[in-house]
Structures are given as C-alpha cells and as structure tokens.
Amino acid sequence: MASRIEARLAELGLSLPEAAAPVANYVPWVQSGRLLFISGQLPLRDGRVAVVGRLGAEVDVERGRMAAQLCALAILAQAKAATGDLDRLRRCVELGGFVACTPEFADHPKVINGASDLMVDVMGEAGRHARFAVGAPSLPLGAAVEIRAVFEIA
C-alpha cells in the first residue's frame, strides 16, 4: 500500500526514483534518535544528473527549480529506503540547498523553492521546514543543485 506521501506524489503526476547509491565514502542516510539525516542529493533522472551547469550562466531559474524538485524526490526516496515507509515521516525539519552559480547570481532561494514547495505539497504543514540556500562555484558531477535534509520520524 502506498504511503500518504506517495499517494500525493501520484496525484501530482510524480513518482519516487530509486534511492541512489553513494558516489564516495559516505552513507546516504543516518538515523540518530528520532532524526533522520539525508545526505546531499543531486537532480538525478534515470541515474544521470539531469540538470548540469551554473545558475546565472547555462541554467535559468525555472530549470534550477526543476532540479531542486528532482533533489527533493531523491531525498524522499532515501527516506523511504531508510524507514521502509514514508508514513513514518512526522516533519521535515530542515532542507539545506546548494546552488552552483556565477558570482553575480542572487536568486538561490527561488531555486531551492522547487524542493521546499514539493515538501509542503506532499507533507502539508509537516513539510514546512528551516532552510538555507547558498551559492557554490561548483557541485559534484557538474550538478546545478544539491540538497540535504533532516526529518523527524516516528
């Protein structure tokens, strides 16, 4: 049976990807008490980085938002791998967003809203979270966006 989050994703025409394997010496998630920490996720589609480049140069804000939404889907896929059931998620505590960008780019929050909006769309009030959105000169595999998350779980 699908979780309430997966049911809501289906209503939005979205689905969870496979949880990606780590690309270096780290684990994709760690549970400590009732907190679930999800490592930074890239905007993957079919196992490849779907949005490559820097905001303010090769990538516009709308594509950046789409990349952030893909990161949020990957985060939820990792949360499901960690918990076995997304109904165990009680709250999205924090999202941390990194945006590959030019030095002049200043719309980091608009980009990371792609992930924040998805969390609220699928979790309701429990999806509202603390957040940071910062620029970086480059990200792993040339990705335009990388996002990490912390959830409270049952």
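The values are calculated or read from the model by the stated rules, or taken from the named source; none is laboratory data. Only a predicted model underlies this, so the values are computations on that prediction, with no experimental measurement involved. Every residue, glycine as well, gets a Cβ built from its backbone with ideal geometry; the counts of neighbours run over all protein chains shown.
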Test result for D107, closer than 19 Å to R148 by Cα and either touching a Ser or Thr at 6+ places or on another chain (Cβ under 7 Å) or of a type in the set (D, E, K, R) (or both): yes
Check: Any chance the range 122-141 includes a residue that's surrounded by 17 or more Cβ atoms within 10 Å (Cβ to Cβ), in contact (Cβ under 8 Å) with a residue 60 or more places away in the chain and within 30 Å of A2 (Cα to Cα)?
Finding: yes
Of the conditions (1) surrounded by 12 or more Cβ atoms within 10 Å (Cβ to Cβ); (2) in contact (Cβ under 8 Å) with a residue 24 or more places away in the chain; (3) farther than 18 Å from A133 by Cβ, the single one that V30 does not satisfy is (2)
If we ask which residues in the range 19-43 are in contact with a strand residue (DSSP E or B) (Cβ under 7 Å, 6 or more places away or on another chain), among the small types (G, A, S), at pLDDT 95 or above and part of a loop (DSSP other than H, G, I, E, B), their number turns out to be 0
With respect to V61, determine if the residue is within 21 Å of V145 (Cβ to Cβ), out of contact with any strand residue (DSSP E or B) (no Cβ under 6 Å at 6 or more places or on another chain) and not acidic (D, E). yes
- Query: Does L14 fit the bill of being among the hydrophobic types (A, V, I, L, M, F, W, C) and either at pLDDT below 95 or surrounded by fewer than 21 Cβ atoms within 10 Å (Cβ to Cβ) (or both)?
  - Reply: yes
When you scan the range 47-61, do you find a residue that is at pLDDT below 95 and of a type in the set (G, A, S), even just one? yes
